[in-house]
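Participant: Mind looking over this structure? Questions follow.
The values are calculated or read from the model by the stated rules, or taken from the named source; none is laboratory data. Everything numeric in this text was worked out from a predicted model, so none of it was measured. Cβ placement follows ideal geometry from the backbone for every residue including glycine, while neighbour counts extend to all protein chains displayed.
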Amino acid sequence: MTNATTVSGAGNGLHFADAGGAAAMVKDCIFYGNSVYGMSSATAAAGNLITYIFRNNAFGANGTANYSNITAESTDVTLTGNPFVSSTDFGLNSTAGAGAACKGAGVTNLGSANAARDIGPIPSGGGAAGGGGGGGGGGRISHNLGSGPLGGYIS
């Protein structure tokens with residue numbers, strides 16, 4: 001999962017069941033306002049996932065904690081405020097500690113930072129340190145997942 005958002009979920013933003021040998025990569029995603037955890041696993045250390053890579057994800061206002069049974073990463077971004085323009089516009093705002101903290105904080109390839117890549121689904125058009133593009137602007141696909149185990153929105 002790359003450059004996605006889970007927000008206002010009735011449970012966990014993203015949950016890994018006992019995957020029995022699967023692999024997972026979650027990078028440049030925002031987990032905000034989920035009622036339980038931002039990201040969780042049924043068993044410790046992401047369960048039986050053979051390989052798991054979690055990089056440059058942003059967390060804030062999750063009810064219980066950001067993680068359950070998953071170790072926090074040094075590349076995590078802690079959000080002190082809502083990073084979005086509004087409840088229906090998942091573009092990044094310019095508020096310090098919120099949307100501004102996600103601008104230019106993403107990675108393109110594992111291990112190589114790119115100041116023009118944002119965390120989240122909608123490029124802002126420029127990195128936090130200045131810098132260019134951020135992509136072609138395109139549209140956004142957003143799904144309301146209701147109040148089930150995932151809940152909220154995923155973009």
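Participant: Being among the β-branched types (Val, Ile, Thr) and assigned to a loop (DSSP other than H, G, I, E, B) is the filter; apply it to the range 64-79 and report the residue that is nearest to the chain's Cα centre (by Cα). Quick ask: steps written out before the conclusion?
Facilitator: Going residue by residue through the range 64-79, those that are among the β-branched types (Val, Ile, Thr) are 64, 70-71, 75, 77-78.
Among the residues that remain, those that are also assigned to a loop (DSSP other than H, G, I, E, B) are: 64, 70-71, 75.
On the way: 64: 16, 70: 15, 71: 15, 75: 12 Å.
The selected residue is 75.
Participant: Checking residue 119 against (1) closer than 18 Å to residue 62 by Cβ; (2) hydrophobic (A, V, I, L, M, F, W, C); (3) modelled with pLDDT under 90, which single condition isn't satisfied?
Facilitator: The single condition residue 119 does not satisfy is (3).
Participant: From the list 56, 34, 12, 48, which one is modelled with pLDDT under 95 and surrounded by fewer than 16 Cβ atoms within 10 Å (Cβ to Cβ)? Spell out how you get there, then give the answer.
Facilitator: Working: 56 fails: surrounded by fewer than 16 Cβ atoms within 10 Å (Cβ to Cβ); 34 fails: surrounded by fewer than 16 Cβ atoms within 10 Å (Cβ to Cβ); 12 fails: surrounded by fewer than 16 Cβ atoms within 10 Å (Cβ to Cβ).
Answer to the selection: 48.
Participant: Which residue pairs have Cβ atoms closer than 9 Å, lie 6 or more positions apart in sequence or on different chains, and pair a first residue in the range 80-92 that is in a loop (DSSP other than H, G, I, E, B) with a second residue that is among the basic types (Lys, Arg)?
Facilitator: Going by the 9 Å Cβ cut-off, the qualifying pairs are 89/140; 90/140; 91/140.
Participant: Which one is surrounded by the most Cβ atoms within 10 Å (Cβ to Cβ), of the residues in the range 71-102 that are within 24 Å of residue 53 (Cβ to Cβ), modelled with pLDDT under 95 and not aliphatic (A, V, I, L, M)?
Facilitator: 90
Participant: Tally time: how many residues in the range 26-41 are in a strand (DSSP E or B), under 15 Å from residue 52 (Cβ atoms) and in contact (Cβ under 8 Å) with a residue 40 or more places away in the chain?
Facilitator: Going through the range 26-41 one residue at a time, the tally reaches 1.
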